[in-house]
Amino acid sequence: MNYYTAHHSPFTIKMLVKTKAIVISSLKYQEKSLIVKCLTLSDGLKSYFVPNAFSAKKSNQKIAYFQPLTVLEIEANHKNKGTLEHFKEIKLAHAYQTISSNIVKSTIMMFLSEIIHHSIHEEEKNENLFLFLESALLWLDAHDDMANFHLILMLEMTKFLGFYPDTTEIDGNFFEMKEGLFTPILATGCLSEHETHLFKRLLDLKFDSDQKVFAGIERQILLKILLAYYSIHLDGFKNPKSLEVLKEVFA
């Protein structure tokens, strides 16, 4: 799927890369341009400069490529010098059928793109994370019962980020957030018994499990727990700006 050709010059080596990429964020630069951050299958996190994104005749089409968590097929020249890269060609890998017209789904996408933006900082390949996210996004596009989707995705993502809960002592009544394990003793940094019970139920869920297992208030508690769990384990993690919008949508 991915091929590399190196173009040698005395000063720099460019790699022409053909890969899939998930859009994490896009930032307007000056009047007409964009800086687009992507998670690529071939190279992990990459940032691209898109000149004249707003000025071409087909600019609407161009902007549509850079909505949060759009999956693209790209060809790009990678200099791999930590600077902005450039796209050579872009097309949609998957044209979502329902996400842009469904306010709940598009809010979830906006929220999760911010979560991912604040969670992944290293420019290193993480093929398994990419493939998990791609299949999860396609699942969201194809299903209408998705009230727990963002919670399950955030919990599953911790497997790839390195802090998935240790379930060897899952019979413990309390979950200790810093160590990420269950314990019989209520210590500092533990969830309450009720919170731990909810968290255990979340651990059992798959995307296509019954969505009615939690009441709205329970989902809010779980979201608060997950955001706290991320901020304990990830340096510089911030709560997404779209958090309030997400709460409104699920209220």
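The values are calculated or read from the model by the stated rules, or taken from the named source; none is laboratory data. Computed from a predicted structure; not experimentally measured. Cβ placement follows ideal geometry from the backbone for every residue including glycine, while neighbour counts extend to all protein chains displayed. In case anyone asks, the SASA skips ligands and DNA or RNA and just uses the protein heavy atoms, side chains included. Shrake-Rupley method; radii C 1.70, N 1.55, O 1.52, S 1.80 Å.
Assorted remarks:
- Put a plus charge on the Cβ of each Lys and Arg, a minus charge on the Cβ of each Asp and Glu, and nothing anywhere else: the dipole of the chain about its Cα centre is then about 1360 debye.
- Segment Asn173-Asn239, length gained on full extension (0.36 nm per residue, minus Cα span): 21.0 nm
- Shape call, the range 149-213: gyration tensor on alpha carbons, a/c limit 1.5: oblate
- Remark: the range 138-191 carries 48 Å² of accessible area per residue (probe radius 1.4 Å; ligands, DNA and RNA excluded).
- Every helix of 4 or more DSSP H residues in the chain counts as -39500 (n - 2.57), and over all residues that averages to -11000 deg cm²/dmol at 222 nm.
- For the residue pairs Lys105/Lys212; Lys62/Lys241; Lys28/Lys241; Lys159/Lys206; Lys81/Lys125, the C-alpha atoms sit more than 20 angstrom apart in Lys62/Lys241.
- Put a dot 7 Å past the Cα of Lys18, heading toward its Cβ, do the same for Lys79, and the two dots end up 2.5 nm apart.
- Shape annotation for the range 99-196: C-alpha extents along the principal axes are 47, 33, 20 Å, from largest to smallest.
- In nm, spacing of pseudo-spin labels at Glu193 and Leu161 (7 Å Cα→C-beta vector): 3.0
- Å² per residue, accessible surface of the range 71-118 at 1.4 Å: 47
- The packing ranking, built from the mean of other Cβ atoms within 10 Å per residue, places the peptides 178-189, 40-51 in the order 40-51, 178-189, highest first.
- The range 59-202 - percent of accessible surface contributed by carbon and sulfur, probe 1.4 Å: 50
- ³J(HN,Hα) computed for each position of the range 65-80 - Karplus, 6.51 cos²θ - 1.76 cosθ + 1.60, integer Hz, glycine/proline x: 5, 10, 6, x, 6, 5, 9, 10, 9, 10, 10, 8, 8, 9, 7, 6
- Label sites at Glu127 and Thr98, each approximated as a point 7 angstrom past Cα along Cα to Cβ, lie 3.1 nm apart.
- Of the peptides 89-95, 20-26, 216-222, the order by per-residue mean of other Cβ atoms within 10 Å, starting with the highest, comes out as 20-26, 216-222, 89-95.
- With Cα atoms, 0 to 90° folded angle of helix 216-233 axis to the chain main axis: 70
- Mean shadow area of the range 26-149 over all directions, Cα convex hull, nm²: 7.9
- Computing Rg and Dmax of the Cα atoms in Å directly from the structure and comparing it against [x] 19.9, 64; [y] 23.0, 75; [z] 18.1, 55 singles out [x].
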